[in-house]
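Chemist: Submitted below is the structure of interest, expressed as structure tokens.
The values are calculated or read from the model by the stated rules, or taken from the named source; none is laboratory data. Remember, it's a predicted structure, so these values are computed and weren't measured experimentally. Neighbour counts run over all protein chains shown; Cβ positions are idealised from the backbone, glycine included.
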């Protein structure tokens, strides 16, 4: 099956070469980080998690969002998704791999990372996160492999795969719930100490993931013979519209609770995000850009006339993805550390090598996804 | 009542699930309860009381901090972002946020020594995925620098900002190293260890010894006759953010 990824056009190989170059940059930066320590990043004693962990959090959402095509197709028999459930499952495999890599590059002692298995610790949420992410990777890997093999042989998939697919649905919910638990069970981090963190994560996941899937489907249609079908793309648009609305509503709930109560512990991180605190306002443009993109995307998604226009839908999907990438892939994690327990307001911005490593992980994710989708499209062309 | 084999098996399966779930819940929660059981068994619980009145009278004094950092090979790093601190001074208003009003600022003095609180219910121990930080029977929250994977989850969890990460190799920045205490490598978290290496020799912590005014009193909180307990029963003392439920073992006499 993998041989399908080895035959492609010049454009295909150009794209692969570009991704390999990105990965090489990331790998070089990582070697420097390995030699020097995490001091090479913009992290500090006060802001001790940054873009690696924030990107991990964001891509857990992308991974979990596969459920938004799997659930309608397998539980509600939404036939329009028949052709794209596999795209969602393969996206999940690539995204979970990225999550694991983002965690790995954040480790101060990466050579000891298997201590998590050697000394299993059920009272740590990180232990459960490892279990849920590994399980989800295996589930989706097996499902995608079995489905593609069946397609290659022109046979229906074996019946035992159905319960595995059904299991992957609650499992998807679990990965993002446990990821929220990493943050919201901590005393002294008021921004994260909110019971709606898991629902917020799920809402933003179900907006950003399907938005990405829309963009990927449109790209596949333009670049290959694979057409997801107008109806499937429209239905994804409806899912993004609902999820993004719920996500913005949840953020409004957080803002109301923190700001109307006026409790400094809860209000200050939001003040830092949207207005700056103690003259430190590095995240202010990031957050307002996220807000503008969110509102613009809502306008485009909620009016059916706009949403049915594929060009508008593509722009709205891009806006949703970028908005959530800024808010969840950066702001939410960094601002959890501001102010610090000793009331220090410390700025954080990723350094050049840190961006290089992030780009390397994206490169690996995109390479995996390219190979997976190439195989899928080639199999369908062959049939 | 007649029990069919089917019913019996059903009850058996149900019990197995219940026991399994109970064990799991216990395992998840057990990081916390060990201590209280041990207190009842006559175990020690080390704690410290710091007399802020005396600190106030020695404005600008940091002898405790210097003694601690010298004794534990705490590096002096040029970049404040990478700072490693075990025991240091912070402004009163930052240590006890929202406890100060505009009228008491001067009465409460300028700075307060802060260190690991060696909590009875430590959030750092709860979150550590490898048990590289754990709580000893006598209340000392320990760190294993050789097991720590450097995930910094404990730093996110500690509500007191007591933990530092080695962002760079600390060894070139040690000044005059103390050969009796191991230096750390890049990529691990560290913090105050209550001088467990000195406690093992029956000595007092280095900071306590270094204080010229005896502002720090160290002792067994489980022993009603210990000097620290005598002090705490006679003077009004506060802990840092006790409402968070961590149960700090450092008391500040105000």
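Chemist: Exactly one of (1) within 14 Å of another protein chain (Cβ to nearest Cβ); (2) out of contact with any strand residue (DSSP E or B) (no Cβ under 8 Å at 6 or more places or on another chain) is unmet by residue A:16. Its number?
Modeler: (1)
Chemist: Still on this structure, please answer the following. Pull up segment B:123-145, narrow it to residues that are free of Cβ contacts under 8 Å to residues at least 40 places away in the same chain and surrounded by fewer than 24 Cβ atoms within 10 Å (Cβ to Cβ), then point me to the one that is nearest to the other protein chains (Cβ to nearest Cβ).
Modeler: Restricting to residues being free of Cβ contacts under 8 Å to residues at least 40 places away in the same chain and surrounded by fewer than 24 Cβ atoms within 10 Å (Cβ to Cβ), the top hit is B:131.
Chemist: So if I check each of B:152, B:171, B:163, which one is within 21 Å of residue A:38 (Cα to Cα) and within 7 Å of chain A (Cβ to nearest Cβ)?
Modeler: Sole residue among the options that is within 21 Å of residue A:38 (Cα to Cα) and within 7 Å of chain A (Cβ to nearest Cβ): B:152.
Chemist: Those residues that are outside any helix (DSSP H, G or I), surrounded by 18 or more Cβ atoms within 10 Å (Cβ to Cβ) and in contact with a strand residue (DSSP E or B) (Cβ under 8 Å, 6 or more places away or on another chain), I need them from segment B:193-225; list them, please.
Modeler: Residues satisfying the conditions are B:193, B:194, B:205, B:215, B:216, B:217, B:218, B:219, B:220, B:221.
Chemist: For segment A:235-269, how many residues are more than 14 Å from residue A:332 (Cα to Cα), within 14 Å of chain B (Cβ to nearest Cβ) and surrounded by 14 or more Cβ atoms within 10 Å (Cβ to Cβ)?
Modeler: So the count comes out to 2.
Chemist: Quickly run through segment A:123-154 and pick out the residues that are crowded, with 18+ Cβ neighbours inside 10 Å and within 14 Å of chain B (Cβ to nearest Cβ).
Modeler: A:123, A:124, A:125, A:126, A:127, A:128, A:129, A:130, A:132, A:133
Chemist: Right, next: Show me the helices (runs of 4 or more DSSP H) entirely contained within segment B:84-192 in which 1 or more residues are over 23 Å from residue B:71 (Cβ atoms), modelled with pLDDT of 95 or more and under 13 Å from the mean Cα position of the chain (by Cα).
Modeler: Here the list reads B:123-127, B:153-157.
Chemist: Okay, moving on. Within segment A:31-58, take every residue that is under 22 Å from the mean Cα position of the chain (by Cα) and away from chain B (no Cβ under 11 Å) and give me the one that is farthest from residue A:169 (Cα to Cα).
Modeler: A:51
Chemist: Any residue at all in segment A:342-349 that's within 27 Å of residue A:94 (Cα to Cα) and either more than 14 Å from every other protein chain (Cβ to nearest Cβ) or modelled with pLDDT of 95 or more (or both)?
Modeler: Looking through segment A:342-349, at least one residue is within 27 Å of residue A:94 (Cα to Cα) and either more than 14 Å from every other protein chain (Cβ to nearest Cβ) or modelled with pLDDT of 95 or more (or both).
Chemist: Check off (1) closer than 25 Å to residue B:180 by Cα; (2) surrounded by fewer than 20 Cβ atoms within 10 Å (Cβ to Cβ); (3) in contact with a helix residue (DSSP H, G or I) (Cβ under 8 Å, 6 or more places away or on another chain) for residue B:79 and give me the number that stays unchecked.
Modeler: Going through the list (1) closer than 25 Å to residue B:180 by Cα; (2) surrounded by fewer than 20 Cβ atoms within 10 Å (Cβ to Cβ); (3) in contact with a helix residue (DSSP H, G or I) (Cβ under 8 Å, 6 or more places away or on another chain), residue B:79 breaks only (1).
Chemist: Residue B:48 is checked against (1) within 28 Å of residue B:229 (Cβ to Cβ); (2) modelled with pLDDT under 80; (3) not in a helix (DSSP H, G or I) and fails just one. What number does that condition carry?
Modeler: Going through (1) within 28 Å of residue B:229 (Cβ to Cβ); (2) modelled with pLDDT under 80; (3) not in a helix (DSSP H, G or I) one by one, residue B:48 breaks only (2).
Chemist: Can you go through A:250, A:256 and tell me which one is modelled with pLDDT of 95 or more, touching a helix residue (DSSP H, G or I) at 6+ places or on another chain (Cβ under 6 Å) and assigned to a helix (DSSP H, G or I)?
Modeler: A:250
Chemist: Oh, and also: Which residue out of A:108, A:61, A:26 is within 12 Å of chain B (Cβ to nearest Cβ), touching a residue at least 24 places away in the same chain (Cβ under 8 Å) and either assigned to a helix (DSSP H, G or I) or under 29 Å from residue A:331 (Cα atoms) (or both)?
Modeler: Selected residue: A:108, the only one of A:108, A:61, A:26 that is within 12 Å of chain B (Cβ to nearest Cβ), touching a residue at least 24 places away in the same chain (Cβ under 8 Å) and either assigned to a helix (DSSP H, G or I) or under 29 Å from residue A:331 (Cα atoms) (or both).
Chemist: Would segment B:103-122 turn up any residue that is surrounded by 17 or more Cβ atoms within 10 Å (Cβ to Cβ) and at the interface with chain A (Cβ under 7 Å from one of its Cβ atoms)?
Modeler: Taking every residue of segment B:103-122 in turn, none turns out to be surrounded by 17 or more Cβ atoms within 10 Å (Cβ to Cβ) and at the interface with chain A (Cβ under 7 Å from one of its Cβ atoms).
Table: residues versus (1) at pLDDT below 95; (2) in a helix (DSSP H, G or I).
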residue	(1), (2)
A:4	yes, yes
A:22	no, yes
A:30	no, yes
A:33	no, yes
A:39	no, yes
A:45	no, no
A:48	no, no
A:53	no, yes
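Chemist: Also: Would you pick out the residues in segment A:66-84 that are free of Cβ contacts under 8 Å to residues at least 60 places away in the same chain and either assigned to a helix (DSSP H, G or I) or under 29 Å from residue A:23 (Cβ atoms) (or both)?
Modeler: First, pick out the residues of segment A:66-84 that are free of Cβ contacts under 8 Å to residues at least 60 places away in the same chain: A:73, A:76-77, A:79, A:82.
A:73, A:76, A:79 - these are the residues of segment A:66-84 that are free of Cβ contacts under 8 Å to residues at least 60 places away in the same chain and either assigned to a helix (DSSP H, G or I) or under 29 Å from residue A:23 (Cβ atoms) (or both).
Chemist: Here's something else I'd like to know. Hey, could you check segment B:79-94 for residues that are within 7 Å of another protein chain (Cβ to nearest Cβ) and touching a residue at least 12 places away in the same chain (Cβ under 8 Å) and say which is farthest from residue B:185 (Cα to Cα)?
Modeler: That would be B:90.
Chemist: Further question on the same structure: Within segment A:32-51, identify whether any single residue is in contact (Cβ under 8 Å) with a residue 40 or more places away in the chain, touching a helix residue (DSSP H, G or I) at 6+ places or on another chain (Cβ under 7 Å) and under 22 Å from residue A:208 (Cα atoms), and answer yes or no.
Modeler: yes
Chemist: If you don't mind, another one. Which pairs have Cβ atoms under 8 Å, sit 6 or more apart or on different chains, and link a residue in segment A:352-363 that is over 15 Å from residue A:103 (Cα atoms) to one that is not in a helix (DSSP H, G or I)?
Modeler: Note: pairs meeting the criteria are A:353/A:41.
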